[in-house]
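Asker: Quick one: the structure is below, questions incoming.
The values are calculated or read from the model by the stated rules, or taken from the named source; none is laboratory data. Quick caveat: nothing in here was measured; it's all calculated off a predicted structure. Note: ideal-geometry Cβ built from the backbone for every residue, glycine included; neighbour counts use all protein chains shown. Note: areas computed on protein heavy atoms with side chains; ligands, DNA, RNA excluded. Shrake-Rupley method; radii C 1.70, N 1.55, O 1.52, S 1.80 Å.
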Amino acid sequence: MENSELYDSRFVRNLFDEMAKTYDKVNYVTSFGFSALWRKQCVDHLYISEGAIVYDLMTGMGECWPYILKSAGNKGKLIAVDFSDQMIKGAGIKKAKRKFENVVLLQKDILDSGMDDASADHIVSAFGLKTFSDKQLEILAKEVHRLLKPGGSFSFIEISKPDNNLLNGLYLFYLKKIIPFLGKLFLGNPENYRMLGTYTEQFGDCSKALEFFQKAGLIVSYKKYFYSCATGITGSRPLS
């Protein structure tokens, strides 16, 4: 598959539409059960205050919501953004079931969202970066700078290639061979889940995202999780 197709928004949207019903299970399996812990750690880097306005980009099924709302409280607002129709529908079911009244769902492409400048106290995203090309990461970084209030913070996390050669080989074998097999048995179309390994191998880690976010004028630090099986970037928009 050509890279141009791999990162085409229509292809990515269709991929996540098809995976929507099993997405949470897949995240759990592909991360060896660490996905919930990593999401919590990602959100904890924000130091969310009560009443804050938080954007959850590439929200998926709202897996980060409990950690965000625990800090933002009833006076806070969580704006959950995703461009996948099926992900938004699933998130809407979760919102109604869990009575998350201060969650606002937006079906938008974050690279062209039209949301207001300096409207977020915090921005968080878990496991969405790998489906962005370098050019798209550059646009995303500029959007994060635009959407954050001065002094506002952000935190992103993504499944990554471990920096240990032995662990890296085992991990990629797991993602590219074992996960599709499990997908065939339990999770739906195995080809969809084989793509997760492809995206992870292409993405590598969050080092390129770090460069683009710094270039956009953001203060950024790099995070490693469990021998770099996941990596992240955290930081803030300068006050001036």
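Asker: What are the residue pairs meeting all of these: first residue in the stretch 81-103, first residue polar (S, T, N, Q), second residue crowded, with 20+ Cβ neighbours inside 10 Å and in a strand (DSSP E or B), Cβ atoms under 9 Å, and 6 or more apart or on different chains?
Answerer: ASN102/LEU78
Asker: Being in contact with a Lys or Arg (Cβ under 9 Å, 6 or more places away or on another chain), assigned to a helix (DSSP H, G or I) and open to solvent by 20 Å² or more (accessible area, probe 1.4 Å) is the filter here; which residues of the stretch 64-89 pass it?
Answerer: Once the filter is applied, which keeps residues that are in contact with a Lys or Arg (Cβ under 9 Å, 6 or more places away or on another chain), assigned to a helix (DSSP H, G or I) and open to solvent by 20 Å² or more (accessible area, probe 1.4 Å), the stretch 64-89 yields PRO66, TYR67, ASP85, GLN86.
Asker: Name the one entry in LYS149, LYS135 that is closer than 22 Å to LEU15 by Cβ, at pLDDT 95 or above and out of contact with any helix residue (DSSP H, G or I) (no Cβ under 7 Å at 6 or more places or on another chain).
Answerer: Being closer than 22 Å to LEU15 by Cβ, at pLDDT 95 or above and out of contact with any helix residue (DSSP H, G or I) (no Cβ under 7 Å at 6 or more places or on another chain) holds for just one of LYS149, LYS135, which is LYS135.
Asker: May I ask you to list the residues in the stretch 219-240 that are over 16 Å from GLN41 (Cα atoms), of a type in the set (S, T, N, Q) and open to solvent by 40 Å² or more (accessible area, probe 1.4 Å)?
Answerer: SER240
Asker: While we're looking at this one, here's another question. What are the residue pairs meeting all of these: first residue in the stretch 107-119, first residue at positive phi, second residue assigned to a loop (DSSP other than H, G, I, E, B), Cβ atoms under 8 Å, and 6 or more apart or on different chains?
Answerer: Note: pairs meeting the criteria are GLY114/LYS108.
Asker: Hey, another quick one. Select from the stretch 198-218 the residues that are closer than 16 Å to TYR7 by Cβ and open to solvent by less than 10 Å² (accessible area, probe 1.4 Å) and list them in ascending order.
Answerer: Once the filter is applied, which keeps residues that are closer than 16 Å to TYR7 by Cβ and open to solvent by less than 10 Å² (accessible area, probe 1.4 Å), the stretch 198-218 yields TYR199, THR200, ALA209.
Asker: Okay, moving on. For ALA96, state whether it is more than 27 Å from SER160 (Cα to Cα), surrounded by fewer than 20 Cβ atoms within 10 Å (Cβ to Cβ) and at pLDDT 95 or above. I'd like the intermediate steps shown before the answer.
Answerer: On the way: more than 27 Å from SER160 (Cα to Cα): yes; surrounded by fewer than 20 Cβ atoms within 10 Å (Cβ to Cβ): yes; at pLDDT 95 or above: yes.
Yes: the conditions hold for ALA96.
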